[in-house]
Amino acid sequence: MFMIKQVFSGIFQIKVPLPHSPLIHLNSYLLRSEEKNILIDTGLNFSQSFQSLRRGLSEASIELEDLTEVILTHFHVDHVGLIPRLIEASGNIKISIHPIEAELCRILSSTYKDLFAKIETFLKSNGTPSSIALKLTESHPLHEPKIIRPYQELAVATHPLEDGQVISVGDYHFQIVCTPGHSPGHICLYEPSFKILISGDHLLPSITPHVALWWFTENMNPLADYLNSLKKIEKLDIEVVLPAHEETFINHCERIKQLQDHHNQRLMEILTSSNSRRFTAYMKASQVHWNINYKSWNTFLPFQKYLALGETIAHLYFLEKKQLIKRTMVDQVLYYSINEKAKKRKKY
């Protein structure tokens, strides 16, 4: 597999390995010009990832100290992980991210001592049995110091990215497009003249981007945000999509239609798969058909259960806001009940 390739004049795609991740690699993008050298997304905080990124840059005749800016599409660890190493290696480099993502980094780093207690409480309040909630909490990757350190760095000083802001590099003038959903402050970069979209995790060729609701994003509606962001990107004149995972692709409107259909089917499944009058998010997550290679819910790895639960909660919150289900708290556990009329609907 190639490490780096030039996808357009002055735009390079670097495949950064993601150790221990089913995603296998991250596509980091280098925007190279005589005045600026901008890196988009970084990779996990592992030596293997860092050395691969360094070699990829070197093949494009760029050393770490030549980088002028790092733009982060969102705060997830496979995108921001190498920030501490890049700061150390390249000195006073400019780090840019959406303000919402920077605030989430501050929340996670400032509440680190209480973080896992909050995760466990969140899991239990959504119906996860105590013994399983403990296992899911213990499996969380934030237990690793190398995982939390990038958030500590990003919590200190970053430059804000805003919707509509223009990033000029050589002949390119990329517009920042805010696309919340996969993450509350996720951004894409769109070049209207060359019809290029650097999509981060918002739009991937075959993987369905993870859309979840967690304790630190409560009162947000990530699925509604994500579907609205898809509509926003659908309106753009795009010929090529450069995603953060998998391969470059075309026909972005076709892919958007597939993702819209997927979420509509998931919402329908949630509304029609229950045999009980009330249920918890954990119960519902165990009933959903997940496109994962496990024989049953009981054989899911703990962190996969954690992710599936977060996604289920996001779908339930979306339905609650549509007044198709009702949520009540009983003995510190959230229960849901379905409006009978909702089961007759074919689209949500």
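Pick from the range 159-179 the residues that are touching a His at 6+ places or on another chain (Cβ under 6 Å) and assigned to a loop (DSSP other than H, G, I, E, B): which of them is surrounded by the most Cβ atoms within 10 Å (Cβ to Cβ)? Explain how you work it out, then say what you get.
Step one: list which residues in the range 159-179 are touching a His at 6+ places or on another chain (Cβ under 6 Å), which gives 161, 166, 179.
Restricting the remaining residues to those that are assigned to a loop (DSSP other than H, G, I, E, B) gives 161, 179.
On the way: Leu161: 22, Thr179: 29.
Of everything passing the filter in the range 159-179, Thr179 is surrounded by the most Cβ atoms within 10 Å (Cβ to Cβ).
Of everything in the range 286-342 that is surrounded by fewer than 17 Cβ atoms within 10 Å (Cβ to Cβ) and among the small types (Gly, Ala, Ser), the residue that is farthest from Ser139 (Cα to Cα) is Ser337. A single member of Leu242, Leu230, Leu236 is of a type outside the set (S, T, N, Q), more than 18 Å from Ile40 (Cα to Cα), more than 12 Å from the chain's Cα centre (by Cα) and not in a loop (DSSP other than H, G, I, E, B), and it is Leu230. All of (1) closer than 25 Å to Ala155 by Cα; (2) surrounded by fewer than 22 Cβ atoms within 10 Å (Cβ to Cβ); (3) under 15 Å from the mean Cα position of the chain (by Cα) hold for Pro22 with one exception: (1).
Let's see how each residue does on (1) of a type in the set (A, V, I, L, M); (2) modelled with pLDDT under 95; (3) touching a strand residue (DSSP E or B) at 6+ places or on another chain (Cβ under 7 Å); (4) closer than 21 Å to Phe318 by Cβ:
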{"position": "Phe216", "(1), (2), (3), (4)": "no, yes, no, yes"}
{"position": "Asn228", "(1), (2), (3), (4)": "no, no, no, yes"}
{"position": "Val241", "(1), (2), (3), (4)": "yes, no, yes, no"}
{"position": "Phe249", "(1), (2), (3), (4)": "no, no, yes, no"}
{"position": "Ile256", "(1), (2), (3), (4)": "yes, no, no, yes"}
{"position": "His262", "(1), (2), (3), (4)": "no, no, no, yes"}
{"position": "Ile270", "(1), (2), (3), (4)": "yes, yes, no, yes"}
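Out of Leu316, Leu267, one residue alone is more than 23 Å from Ser130 (Cβ to Cβ), in a helix (DSSP H, G or I) and not assigned by TED's automatic domain parsing to the domain that holds Pro180. It is Leu267. Scanning the range 319-338 for residues that are outside any helix (DSSP H, G or I) and of a type outside the set (Val, Ile, Thr) turns up Lys322, Gln323, Leu324, Lys326, Arg327, Met329, Asp331, Gln332, Leu334, Tyr335, Tyr336, Ser337. When the range 82-109 is limited to residues that are within 18 Å of the chain's Cα centre (by Cα) and within 14 Å of Ile38 (Cα to Cα), the one that is surrounded by the fewest Cβ atoms within 10 Å (Cβ to Cβ) turns out to be Ser96. Applying the set (1) in contact (Cβ under 8 Å) with a residue 12 or more places away in the chain; (2) not in a helix (DSSP H, G or I) to His20 leaves exactly one unmet item: (1). In the range 216-239, of all residues being crowded, with 17+ Cβ neighbours inside 10 Å and among the hydrophobic types (A, V, I, L, M, F, W, C), the one that is farthest from Lys257 (Cα to Cα) corresponds to Met220. Applying the criterion of being crowded, with 20+ Cβ neighbours inside 10 Å and either aliphatic (A, V, I, L, M) or free of Cβ contacts under 8 Å to residues at least 12 places away in the same chain (or both) to the residues of the range 5-17, the residue that is nearest to Val77 (Cα to Cα) is Val16.
Any residue that is of a type in the set (D, E, K, R), at positive phi and at pLDDT 95 or above - is there at least one of those in the range 200-213?
Within the range 200-213 (the criterion being of a type in the set (D, E, K, R), at positive phi and at pLDDT 95 or above), the answer is no, since none of the residues qualifies.
The values are calculated or read from the model by the stated rules, or taken from the named source; none is laboratory data. It should be emphasised that the depicted structure is a prediction, and the values quoted were computed from it without experimental measurement. Cβ sites come from the backbone with ideal geometry, for glycine too, and all protein chains shown count toward neighbours.
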